[in-house]
Amino acid sequence: MKKTSLRLLSLGALLAFATQASAQSFNIDVGDQAGTTAGSPYPVPSSAYAGAANQAGTWINGGAVAGTTAPLMDITGATTAVTATHTGGAAYDANNFGLTGDDAKLMCDTLDAGTTVYTFNNLQAGSYSVFTYAWAPDFNTYISLVTGGAGTTDLPQTCGGGTWTGGAHVLGQTYTLHNFPAVVANGNIVITVTVSSGFSTINGFQIKKNGAPPSSFMAACFGDGTGTGCPCGNTGAAGNGCASSVNGAGANLAGTGTSSIANDTLSLNGSGMPNSSALYFQGTTLISSGAGSTFGDGLRCAGGAVIRLGTKTNVGGSSSYPGGSTPISIKGANTAGNTRTYQCWYRNAAAFCNPETFNLTNGGSVVWTP
């Protein structure tokens, strides 16, 4: 049955304009926090709720009024100059799968999206990862299509399906992930949600600004012509690996979180790949001082003593490690002071370049801190 109960809330009534803060990471719960359409309130999650981005901190009310523009409060509770605007969508509540606690607060008040475009403006320069929650809490046959705007390294991704069973969020079921590695100062990020099947849904967003060294991922070894040439002249876009049969821009590896032995939140996020298997691995050196060497259809970047961290299956061309698996500090047997290199090796079965039918993302490195 088509959703009919609507209630619109004002984002501008809840947030006040102030100067831009340094964190530039945001947790945003959209929809009807009063919950009147379902008869039960779903306020914003608690600050302890880390979500799929593993990003605890202040959650803000993203409201549901199309066209609303307001400054956003970051995860530290500081107001910023960043604004959010959106077109389309209307508030809707449902809880047909028995969600409780902070899970229900985020996922059960939604925008019945139709076609909805969110634009986040006035961002600081840097690399961002955007987690878009697009799971329908009423019918698991409803599937959304989430597309990143200019600057993303990721293909459009579907989201939805499956019955909520609690526990960890699932990429491609409860959220999508789009990386924007090179947002300019005062730039913007655009996310568009449309219908793939039935109805489309938006539950909220987590916007994560990638950190600074020494405890964060430092991208290196690109197939964009700045290092060793790609094996078949299949040069990718700036900052990516070599081009593949499905993505002329090449695949990208980015890192979010902290490379700390005591508080390991490091996540390796691969994007722009086929929907195939993807092996995340760790090395002790950057090959050829970061220029890389030809390998399959791409460049091998992580060398020395190599540890296979784990294999994931790409959804919408993307995957992440650990994503519920053993943390990188443990699987990689790391100690404080280690410098380690990382890369993602993915299957590309189409005849394209060399006969090996595989390719790689760019590489990168981190310094592990205590």
| Conditions (1) surrounded by fewer than 19 Cβ atoms within 10 Å (Cβ to Cβ); (2) touching a residue at least 60 places away in the same chain (Cβ under 8 Å); (3) part of a strand (DSSP E or B); (4) among the hydrophobic types (A, V, I, L, M, F, W, C): number failed by Ala182 | (2)
| request: Would you check if Thr176 is outside any loop (DSSP other than H, G, I, E, B) and among the β-branched types (Val, Ile, Thr)? | output: yes
| message | Under 6 Å between Cβ atoms, which residue pairs at least 6 apart in sequence (or on different chains) link something in region 294-310 that is more than 16 Å from Asn362 (Cα to Cα) with a partner that is open to solvent by 10 Å² or more (accessible area, probe 1.4 Å)? | response | Gly304/Thr284; Gly304/Thr285; Ala305/Thr284; Leu309/Lys331; Gly310/Ser325
| query | If we keep just the residues of region 118-146 that are open to solvent by less than 10 Å² (accessible area, probe 1.4 Å) and not in a strand (DSSP E or B), which is nearest to Val193 (Cα to Cα)? | reply | Ala134
| request: Tell me, yes or no, whether region 190-208 has at least one residue that is basic (Lys, Arg) and open to solvent by 30 Å² or more (accessible area, probe 1.4 Å). | output: no
| request: Find the residue count for region 272-321, including only residues that are farther than 25 Å from Asn334 by Cα, assigned to a strand (DSSP E or B) and under 15 Å from the mean Cα position of the chain (by Cα). | output: 2
| Just a yes or no: is a residue in region 97-117 within 24 Å of Ala238 (Cα to Cα), in a strand (DSSP E or B) and not hydroxyl-bearing (Ser, Thr, Tyr)? | no
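The rows are residues; the columns are (1) of a type in the set (D, E, K, R); (2) modelled with pLDDT of 90 or more.
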site: Asp74; (1), (2): yes, yes
site: Ala81; (1), (2): no, yes
site: Gly88; (1), (2): no, no
site: Asp93; (1), (2): yes, no
site: Asn96; (1), (2): no, no
site: Ala113; (1), (2): no, no
site: Thr119; (1), (2): no, yes
site: Ala125; (1), (2): no, no
site: Tyr128; (1), (2): no, yes
| Do any residues in region 251-276 that are without any contact (Cβ under 8 Å) to a residue 40 or more places away in the chain and closer than 25 Å to Phe358 by Cα have Cβ atoms under 6 Å from those of residues that are open to solvent by 30 Å² or more (accessible area, probe 1.4 Å) and of a type in the set (Phe, Trp, Tyr), where the two are at least six apart or on different chains, and which pairs are they? | none
| remark: Residue hits (region 160-173; open to solvent by less than 30 Å² (accessible area, probe 1.4 Å) and part of a strand (DSSP E or B)) are Gly160
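Let's see how each residue does on (1) open to solvent by less than 30 Å² (accessible area, probe 1.4 Å); (2) under 25 Å from Tyr128 (Cβ atoms):
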position	(1), (2)
Asn269	yes, yes
Asn275	no, yes
Ser288	no, no
Tyr321	yes, yes
Ala333	no, no
| remark: Residue count, region 322-370, condition among the β-branched types (Val, Ile, Thr) and outside any loop (DSSP other than H, G, I, E, B), comes to 7
| remark: Filtering region 241-265 for residues that are open to solvent by less than 10 Å² (accessible area, probe 1.4 Å), modelled with pLDDT of 90 or more and either touching a His at 6+ places or on another chain (Cβ under 9 Å) or among the polar types (S, T, N, Q) (or both) leaves a count of 2
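The values are calculated or read from the model by the stated rules, or taken from the named source; none is laboratory data. What you see is a predicted model; the values in this text were computed from it and never measured. Quick reminder, even Gly has a Cβ in these numbers, built from the backbone with ideal geometry, and neighbours come from all protein chains shown. Only protein heavy atoms, including side chains, enter the accessible area calculation; ligands, DNA and RNA are left aside. Shrake-Rupley method; radii C 1.70, N 1.55, O 1.52, S 1.80 Å.
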